[in-house]
Amino acid sequence: VMNRAVAWKPHIYHRLALQSSVMGHFCAVYCLTFDRTGLRFITGSDDKLIKIWTARTCQLYRTLRGHVYDVVDLSVSCDNRFLASAGNDHSLRLWWLHNGHPLLVLPGH
């Protein structure tokens, strides 16, 4: 069996187009994820903030504060109830997604 490499075909992306641009963080955005409904997206940034946006209008919905250094990863729970964030402050934080309140901080990660 001959192993053939599949060539990258950039022409298949010709229908992709920028739909909107969002300005809201003071520094670079390191991570982005959508909630399980697809109605909101969440960004984490070098400015230590997590921002929740409405996907349809790109309006800021909520800002979460708590990390001491930049936010580098985000994940939404399968039931869409929780948001986990990881920061370069070596902490993992768990938030209630519906109201943005902090639930748990795990230092040293």
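The values are calculated or read from the model by the stated rules, or taken from the named source; none is laboratory data. Here the structure is a predicted model, which is why all the values come from computation and not from measurement. Glycine gets a Cβ as well: all are built from the backbone with ideal geometry, and neighbour counts include every protein chain shown. Calculation scope for accessible area: heavy atoms of the full protein, side chains included, ligands and nucleic acids excluded. Shrake-Rupley method; radii C 1.70, N 1.55, O 1.52, S 1.80 Å.
Numbers below:
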{"item": "Some residue of the range 48-58 being modelled with pLDDT of 95 or more, within 20 Å of Gly24 (Cβ to Cβ) and among the hydroxyl-bearing types (Ser, Thr, Tyr)", "result": "no"}
{"item": "Residue, most open to solvent (accessible area, probe 1.4 Å), within the range 31-46, restricted to residues that are in contact with a strand residue (DSSP E or B) (Cβ under 6 Å, 6 or more places away or on another chain) and among the polar types (S, T, N, Q)", "result": "Thr33"}
{"item": "Yes/no for Leu103 being on the phi < 0 side of the Ramachandran plot, at pLDDT 95 or above, of a type in the set (A, V, I, L, M) and open to solvent by 60 Å² or more (accessible area, probe 1.4 Å)", "result": "yes"}
{"item": "Those residues of the range 64-88 which are over 15 Å from Ile52 (Cβ atoms) and either in a strand (DSSP E or B) or open to solvent by 30 Å² or more (accessible area, probe 1.4 Å) (or both), in sequence order", "result": "Val68, Tyr69, Val72, Asp73, Cys78, Asp79, Ala86, Gly87, Asn88"}
